[in-house]
Amino acid sequence: MTNDVLIMRGVTREYAVGGPFAKKKTLKALRGIDLTVSRGQTLGLVGESGCGKSTLAKILLGVEEPTAGTVLVDGRPLNSYDRLERAKLIQPVFQDPYSSLNPRMTVEAIISAPLAVRGVGTRASRRKRVEELAAEVGLPRHLVDAYPSQLSGGQRQRVAIARALIGEPKILICDEPTSALDVSVQSQILNLLHRLKQELNLTMILISHNLAVVHHLADEVAVMYLGQIVERGPSEEIFERPHHPYTDALLKAVLIPRPGSRLPDLGLQAEFPSPLNPPSGCAFHPRCPYAQADCSRIAPATRGEQRSYRCHYPLNLVEASLTSAAS
Amino acid sequence: MRGEPILEVKGLQVEIPVEGAVLRPVRGVDLSVSRGETVAVVGESGCGKSLTALAIMGLLPRAARYTCERITLKGEALTNASPRRWRQLRGDRIAMIFQDPMTALDPCYRIGDQMREILQQHRRISSQAARERSLELLRKVGIPSPEERLSQFPHQLSGGLRQRVMIAMALLCEPELIIADEPTTALDVTIQAQILRLLREIQRDTGIGLILITHDLGVVAGMADRIVVMYGGEVVEVGACDDILSRPLHPYTEGLMRSIPVPGQTKRGDLLGFIPGIVPRQVGERTRCGFIDRCPYAVESCATGPVPLSAVGNGREVRCAIPAEKRDPQAWNRLAEAS
Amino acid sequence: MTVAANSAAPTIDRSMSPGRVALRRALRHGSFWVGGFILLAITIAAILAPVLTHHDPTAQDLARRFLPPIWADKGSWEHILGTDNLGRDYLARLLYGARISLIIGLFTVLISGVIGTALGVAAGYWGGWVDLIINFVVTIRLTLPVVLVALVVVALIGSSLSLMIVVIGLLLWDRFAIVVRSATQQVAQREFIIAARTIGSSTGRILLKEILPNITGPLIVVASIEFAHAILLEAALSFLGLGVQPPEVSWGLMVSEAKTQLLFRPWMVAIPGAALVALIFAINLIGDAIRDVTTPEGRA
């Protein structure tokens, strides 16, 4: 327990959808998430639209409350912390550098805001801290007095990272931190996150749909599909021997910028299901190329601890005890 | 996939007057596409690739002016084509697929109506025949229950389906050329693979020329026959796809390839390569190499004047004054340390 | 062997704050200058009224009634714009009347602005029930015909300058509320608002420091519209005899008192009428310029 900074058990989040005159439907954004993250670890959360990763981030940031389940941070329930204590625990870096900074505030005001809100230090001492952090994140010193409109996307993202780190949070949640940036800038920011992670021994949750990025930065990866975690384990293992067919498809879908690359045939049937109407049994069965009859009837439970998966007929298993491992 | 040339563009320039200066986001771009060929125009934001496509389609914003030596579509010169001619060509001979399917389709009209409108604009065709043709194409792009889709509104379809509808709409009049501007950037990665395969298949069947505009080198690797790399409004490298990917000649292309993590090749935990600095603003005339501020190999002579695009054999062209032999292999590492 | 590109130590251009950028763009706008000039001229004339004329706008001189203005024959420099039916100097009445118009405009905009902005921000930020209730209140307000309500209040309580300001201020907040509500909704969706919550900002702090500074554009435009609206409303009420009362001066009152002279001495109606037109025109030009300037034109 002491080494686990974050423990989520059975976290569920449902929304009632439909106005006063429509039939009430429930959107199940998260369905029973169990997740633990240890101190200093980087967890990559991978999934596509509708998988619930943004909802998960919002719950961790305290922007939303789970419908069911518990979230423990540093041993205490998340909602037992007040607003300011929570701010000291968990900080975000968002995807869109153009809307995550207040265009009417200077960079200094933006970065020092977490301290100013808590009334920490004087203006001068906060300014000094801002300058230290600007140097940490590689932001040229003269930009501290600038407005966001004068900064490039990469520079803005550095400001966002500086703002997140100035309060020395325990957990950093990066929600697609490089997706909105140019390719040549993405690697700059990834290198920065990598360095900060090591220097500050940060616990980081990296949410991304880009598997190459996740593989590079994350120690462990959790794959999400329609509100559930369908596979989890150390990065290298997941990438070399995925167990869940969805993980397999995601990996095949990564297009490699090398000569001779071919477009993959994922063999996925049908269209994306909607979280309003999740399929029966295993959520992935309508699209799964290896689905069998019972996949549509019985929802698979999570098997395994550190290396877990949620599938009746997992791939690449070495154990002989599991029969009909589809190939 | 060599065939007859469909599109030839020479010396395309786009200027936008802004307060007190003239922006030149596109400077002297040459581009050509042949039958059945996929040409990828690769670059990041600010390189001018989207404006180039819009100029080719005659869709530039009003504030922008463009000049060019020549634009020919299957032999017909379009350099001074009237707006009426452009309207005839768009959707009929040249079709465009945009990035965001959520905003590219009109939310107020049903899919069937939008498709019929395109057909009836360019062909004398009855509503019934238009409906048949629409269904045919919806099936071709792999949309399930096409009859239902015709009477649906765009918001009732998912992103992947909407993009397929866009592709179907582009194909309605059997165009010779399709320009796809970041067609899969807004889509999920598993859908992206399917859409790209679809485009490839259609191209093989019909011999359409495809200009694929993207910043994603992975997409390029799987789709393109030829690559045109743009930086700062100029073409900086041209060549066959596999050729460029295995041996990039321009420092910018090199830098791009070094900065992308590849699972299995880039070692986890290593620092990624990067290109320091940011893309500069494109104002005024070129007096020196456009990449000089970020280039690891730059020398004094790179600043003396603009660098021309030169052919280096095998269909390759590159805009760099420093040949491969004269480049220091440690230059990138030194640049990384200095930043 | 890299060539150092920018060898000069970089500094930041401090004049790039969004407010100053908008101001600079406004100054380049032709309408802004024309409208601003007219408004400034009227304001200065109103402030310097005692300097510009030695006449008392309420001083009657029955021996000198209906004197024509300087451009008609028999006009004199003594009364540049002539006199009215009670011998009061017209220029003096015009200048002092300007004060009333400007004061009314300013204070009613302040009152209605505060009310409307508070309601609009609340509806836009919290949504849900708060939004429903406020929308209901706005709808009720919209069903009230402003002029009639003002008439009724004035008829019941009597009229004075301060009462008029309060009444008009309490009636003209709806446009503020509607525009501020949608502007707030747009701003509230942006990620820096979520960021503000995650760093622990209280709701009050978010509303004041994050939301309000980002809705000033539409707010100023609405303020200019309502400024003009209030002035016209006052003129209408005074014309009907239910606004400013004699011996106070108001342009609307001047038009009302001169309406019987419309065919014989048209200048008596035209002069205060022209003044009203000029003021409203100027305010609209300024509002146009600000609207053009604050319309986002694409990313920096």
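Residues satisfying the criterion are absent from the range C:222-238 (criterion: closer than 21 Å to C:Leu110 by Cα, surrounded by fewer than 22 Cβ atoms within 10 Å (Cβ to Cβ) and among the charged types (D, E, K, R)). Can you find a residue that is part of a helix (DSSP H, G or I), among the β-branched types (Val, Ile, Thr), under 25 Å from B:Met57 (Cβ atoms) and within 13 Å of chain A (Cβ to nearest Cβ) anywhere in the range B:179-188? Within the range B:179-188 (the criterion being part of a helix (DSSP H, G or I), among the β-branched types (Val, Ile, Thr), under 25 Å from B:Met57 (Cβ atoms) and within 13 Å of chain A (Cβ to nearest Cβ)), the answer is no, since none of the residues qualifies. Scanning the range A:96-121 for residues being assigned to a helix (DSSP H, G or I) and within 7 Å of chain C (Cβ to nearest Cβ) gives a total of 4.
Checked against the criteria, C:Leu219 does not count as away from chain A (no Cβ under 14 Å), surrounded by 18 or more Cβ atoms within 10 Å (Cβ to Cβ) and either out of contact with any strand residue (DSSP E or B) (no Cβ under 7 Å at 6 or more places or on another chain) or part of a loop (DSSP other than H, G, I, E, B) (or both).
In the range A:122-140, what residues are polar (S, T, N, Q), assigned to a helix (DSSP H, G or I) and over 22 Å from A:Glu85 (Cβ atoms)?
none
When residues in the range C:110-133 are screened for being surrounded by 24 or more Cβ atoms within 10 Å (Cβ to Cβ) and farther than 18 Å from C:Ile193 by Cβ, 3 of them pass. Reported count of residues in the range A:251-269, each being outside any loop (DSSP other than H, G, I, E, B) and either touching a strand residue (DSSP E or B) at 6+ places or on another chain (Cβ under 7 Å) or among the hydrophobic types (A, V, I, L, M, F, W, C) (or both), is 2.
Which is surrounded by 22 or more Cβ atoms within 10 Å (Cβ to Cβ), part of a helix (DSSP H, G or I) and either touching a residue at least 24 places away in the same chain (Cβ under 8 Å) or facing another protein chain (nearest Cβ under 7 Å) (or both), of A:Ile161, A:Ile173?
Working: A:Ile173 fails: part of a helix (DSSP H, G or I).
Every option except A:Ile161 fails the conditions.
Reported count of residues in the range B:270-279, each being more than 24 Å from the chain's Cα centre (by Cα) and facing chain A (nearest Cβ under 8 Å), is 4.
Here's the yes/no breakdown for (1) surrounded by 14 or more Cβ atoms within 10 Å (Cβ to Cβ); (2) more than 9 Å from every other protein chain (Cβ to nearest Cβ); (3) modelled with pLDDT of 80 or more; (4) over 16 Å from A:Ile189 (Cα atoms):
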position: B:Leu249; (1), (2), (3), (4): yes, yes, yes, yes
position: B:Arg268; (1), (2), (3), (4): yes, no, no, no
position: B:Arg281; (1), (2), (3), (4): no, yes, no, yes
position: B:Glu285; (1), (2), (3), (4): no, yes, no, yes
position: B:Cys302; (1), (2), (3), (4): yes, no, yes, yes
position: B:Pro306; (1), (2), (3), (4): yes, yes, yes, yes
position: B:Leu309; (1), (2), (3), (4): yes, yes, yes, yes
position: B:Cys320; (1), (2), (3), (4): yes, yes, yes, yes
position: B:Arg327; (1), (2), (3), (4): yes, yes, yes, yes
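Taken over the range A:65-83, the criterion of being closer than 22 Å to A:Arg39 by Cβ and assigned to a helix (DSSP H, G or I) is satisfied by A:Leu78, A:Asn79, A:Ser80. Checking each residue in the range B:285-339 for being of a type in the set (Asp, Glu), farther than 23 Å from B:Gly11 by Cα and within 27 Å of the chain's Cα centre (by Cα) picks out only B:Asp293. Residues in the range A:58-75: is at least one surrounded by fewer than 17 Cβ atoms within 10 Å (Cβ to Cβ), more than 14 Å from chain C (Cβ to nearest Cβ) and aliphatic (A, V, I, L, M)? For the range A:58-75, residues surrounded by fewer than 17 Cβ atoms within 10 Å (Cβ to Cβ), more than 14 Å from chain C (Cβ to nearest Cβ) and aliphatic (A, V, I, L, M): present. Could you check, for the range A:206-229, whether at least one of its residues is more than 13 Å from chain B (Cβ to nearest Cβ) and either charged (D, E, K, R) or surrounded by fewer than 22 Cβ atoms within 10 Å (Cβ to Cβ) (or both)? No; the residues of the range A:206-229 include none that is more than 13 Å from chain B (Cβ to nearest Cβ) and either charged (D, E, K, R) or surrounded by fewer than 22 Cβ atoms within 10 Å (Cβ to Cβ) (or both).
One line per residue, one yes/no per condition, for (1) more than 14 Å from the chain's Cα centre (by Cα); (2) closer than 23 Å to A:Leu196 by Cα; (3) at pLDDT 90 or above:
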residue	(1), (2), (3)
A:Val11	yes, no, yes
A:Val17	yes, no, no
A:Lys28	yes, no, no
A:Ile33	no, no, yes
A:Gln41	no, yes, yes
A:Leu45	no, yes, yes
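For the range A:107-150, the set of residues classified as β-branched (Val, Ile, Thr) and crowded, with 16+ Cβ neighbours inside 10 Å consists of A:Val107, A:Ile110, A:Ile111, A:Val117, A:Val130, A:Val137, A:Val144, listed by residue number.
I need the full set of residues from the range B:131-150 which are in a helix (DSSP H, G or I), of a type outside the set (D, E, K, R) and without any contact (Cβ under 8 Å) to a residue 24 or more places away in the chain, in order please.
B:Leu135, B:Pro146 - these are the residues of the range B:131-150 that are in a helix (DSSP H, G or I), of a type outside the set (D, E, K, R) and without any contact (Cβ under 8 Å) to a residue 24 or more places away in the chain.
Within this structure, C:Ala270 passes the test of being part of a helix (DSSP H, G or I), modelled with pLDDT of 90 or more and not charged (D, E, K, R).
Annotation: of all residues in the range A:235-260 being among the hydrophobic types (A, V, I, L, M, F, W, C) and surrounded by fewer than 24 Cβ atoms within 10 Å (Cβ to Cβ), the one that is nearest to B:Gln194 (Cα to Cα) is A:Ala253.
The condition of being surrounded by fewer than 24 Cβ atoms within 10 Å (Cβ to Cβ), in contact (Cβ under 8 Å) with a residue 60 or more places away in the chain and assigned to a helix (DSSP H, G or I) holds for C:Ala278.
In the range C:93-127, what residues are over 23 Å from the mean Cα position of the chain (by Cα) and hydrophobic (A, V, I, L, M, F, W, C)?
Result: C:Ala122, C:Ala123, C:Trp126.
Does C:Ala150 fit the bill of being at pLDDT below 90 and surrounded by 21 or more Cβ atoms within 10 Å (Cβ to Cβ)? In short, yes. Within the range B:252-266, restricting attention to residues that are under 25 Å from B:Gly46 (Cα atoms) and among the polar types (S, T, N, Q), which residue is farthest from the other protein chains (Cβ to nearest Cβ)? The qualifying residue farthest from the other protein chains (Cβ to nearest Cβ) is B:Thr253.
Scanning the range C:175-212 for residues that are within 28 Å of the chain's Cα centre (by Cα), within 11 Å of another protein chain (Cβ to nearest Cβ) and either over 17 Å from C:Ala123 (Cα atoms) or charged (D, E, K, R) (or both) turns up C:Lys209, C:Glu210. Checked against (1) within 14 Å of chain A (Cβ to nearest Cβ); (2) small (Gly, Ala, Ser); (3) touching a strand residue (DSSP E or B) at 6+ places or on another chain (Cβ under 7 Å), B:Gly218 passes all but condition (3). So the check is Cβ under 7 Å with 6+ separation or different chains; which pairs have a first residue in the range B:309-332 that's within 15 Å of B:Tyr252 (Cα to Cα) and a second one that's among the basic types (Lys, Arg) and assigned to a loop (DSSP other than H, G, I, E, B)? Listed by first residue and then by second, the contacts come to B:Leu309/B:Arg319.
Considering (1) touching a helix residue (DSSP H, G or I) at 6+ places or on another chain (Cβ under 9 Å); (2) in contact (Cβ under 8 Å) with a residue 60 or more places away in the chain; (3) among the polar types (S, T, N, Q), the lone condition that A:Gln228 does not fulfil carries the number (1).
The values are calculated or read from the model by the stated rules, or taken from the named source; none is laboratory data. This structure is a prediction, so every number in the text was calculated from the model and none was measured. When we count neighbours, we look across all protein chains shown, and the Cβ atoms used for this are built from the backbone with ideal geometry, even at glycine.
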